[in-house]
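Take a look at the structure below.
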Amino acid sequence: MKKALRFLSLLLCAVLLCSALAGCHGRRAMPTFSVPSTFDTSKTYEISFWAKNDTNQNQAKVFRDAIESFSAYYPNIHVTIRPYTDYNDIYKDVLRNLSTGTTPNICITYPDHIATYLTGLNTVVPLDDLMDDPRYGLGGSEVPFDAPTKAQIVPEFLEGCKIGSETYALPFMRSTEACYINKDMVESLGYEIPDVLTWDFIFEVSEAAMEKDPETGLYKVNGQSVLIPFIYKSTDNMMIQYLEQAGAGYTDEDGQILIFNDTTRALLKEVGEHAATRSFSTFAYSSYPGNYFNIGQCIFAVDSTAGATWIGCNSPLHDVVLQDITFETVVRPVPQVDPENPRMISQGPSVCIFNKEDPGEVMASWLFVQFLLTDEIQIPFSKTEGYTPVTLKARNSEEYKTYLSLRGVDEEEHYAVKIDATKLLLEHTADTFTTPVYNGSASLRQASGQLIDSVNRAAKRGETIDDRYLDTLFENITSLYKLNQIGKKASIKTDLGGLPPVSVALLVTLAVVWAGLGALFAVRAVRKKKGKAGQNG
């Protein structure tokens, strides 16, 4: 009996130890953040900020200057920046750190990514209460620097930071997509560039450019033997914008997958037709469109307005050796289905704050995020590339207006193509849109681009892009990106699901141990009672 009791006791200790270790390494929901009544400026806070700067040293300098200027207001808050060159790398690193509770305090991000961070865990701080706090909110009475008020943030941009009914980020910079056009090439083919492009116009001009000169064997435009008239960098944006322009389904707020429709089929067949003639291609197949555009081997290059400094025969930033050619670069909105009602995607980085045990640490992060929205940061950063500031305060400032007015006076800060791309978004802010965000929306976005990339490759291999091919493609994409696991189940605050197998095993073992101990004590009690009865008899 004593040996059995000792064995069960040791087993119980082992189970409790394993349970404790499992709890240490498992994910634990953070406490709900509440805005504290005061912020302790005598306490030191170490804040980590994961940011992207595209290897642009001007952007890196803006961030360094921001940290230095902020420390003058809050010497007790030490901000350390970790630079990245790709948003997806930030996303992957955050996911890896979620389980260990070692996420950064602040990171540059996108709402699709935040939706994944939020799944089942209280990890990202909702910002509505912080924004509205009269003391420490946007432009609050206790904020020592000239922060914008909530009303001074461009409403379309702030709305795009909502997930469900709550705001989980603040916009940092905004961009959209633009079509960069080699005007000389278009006019050499006998066309004039309209104010608003249509898909039909671009495809028609692109096909005309692919006709070869029978005498030289070269393409008609610019005497190039290598020519890809139309290259689209972000095929997910291409699909999403086309469906929005056509009034067709992509997804809805409930996470319903609507992309597999007749409009999608029609677009993919047209993509296949022009990919087969080599008049159309994508970044995934042909590489960065600016590389071809800058040396006169592309007529229409669709890319972000933020990347305008990389595009043009005189671009200050570029990835290729520029040729001894010159041409005029014209910037237009992306091609449209209905020129009278243009629609273009709103994109660009936002900033979110991760929850921590100490509310004061969250407050320190919030104060720095506010500082990123001041004119002191917004205007210099927007000058580095074709971004626009996210506040009306910065956009209406004399400094910013002067910057725009100096278009073309140099090929660096006032590079004409960059400022034209910036003005495009400023003039079309009301025409921009965002797509619904939920856990799984990032996968749907990737899948939408993969549809176009797959058709582009298949058509270039000589495959026929018909309904039979598309049926198979839709099935493969659904499986590859697990789209059948999204549907109506998509939600930000999803159920955590069942316990992990190790936890189930520990609980079962624990139950067995307790039952065994109970049985042993019961047997001992019975024996003891019988022994006493025998003595009394």
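Structure summary
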read-out	value
Pairs from LYS356/LYS383; LYS183/LYS269; LYS383/LYS460 whose Cα-Cα separation, in the structure shown, is over 32 Å	LYS356/LYS383; LYS383/LYS460
Distant-in-sequence amide H partners of ILE353 (H built 1.01 Å from N, under 5 Å)	VAL125
Relative contact order [Cα under 8 Å, 6+ residues apart], region 346-491, whole percent	17
Placed amide H near SER48: partners under 5 Å, 5+ positions off or other chain	THR80, ASN105, ILE106
5 angstrom amide H check on THR282, placed H, neighbours 5+ away	TYR232
Two-decimal Rg to Rh for region 50-203 - Kirkwood Rh, Cα set	1.08
Per-residue HN-Hα couplings for region 458-469 [Karplus 6.51, -1.76, 1.60; θ = phi - 60°; Hz; x = Gly/Pro]	4, 5, 5, 7, x, 6, 8, 9, 10, 4, 5, 4
Volume per residue that the Cα convex hull of region 258-328 spans, once the total is divided by residue count, Å³	119
Computed FRET value (nearest 0.05) for ASP65 with THR472, which takes r as the C-beta separation and R₀ as 45 Å	0.25
Greater than 27 Å apart at Cα, pairs in LYS162/LYS418; LYS52/LYS423; LYS92/LYS423; LYS150/LYS401	LYS162/LYS418; LYS92/LYS423
C-alpha center-to-center spacing [region 116-166, region 344-421] in angstrom	16
Per principal axis, descending, Cα span of region 228-298 in whole Å	45, 22, 18
Highest to lowest packing among 297-305, 110-118, scored as the average C-beta count within 10 Å	297-305, 110-118
Vicinal HN-Hα couplings computed from phi for region 110-117 (Karplus, 6.51 cos²θ - 1.76 cosθ + 1.60; Hz; Gly/Pro x)	10, x, 4, 6, 4, 4, 6, 4
Normalised per residue, the volume of the convex hull around the Cα set of region 332-409 (Å³)	145
Table column - 3J(HN,Hα) (Hz), region 385-399, Karplus curve with 6.51, -1.76, 1.60, x for Gly and Pro	8, x, 7, 10, x, 9, 10, 5, 4, 6, 5, 8, 6, 5, 4
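Values in this text are rule-based calculations from the coordinates and carry no lab data. Worth saying up front: this structure is predicted, and the values here are computed from it rather than measured. Positions of Cβ are backbone-derived with ideal geometry, glycine not excepted, and every protein chain shown enters the neighbour counts.
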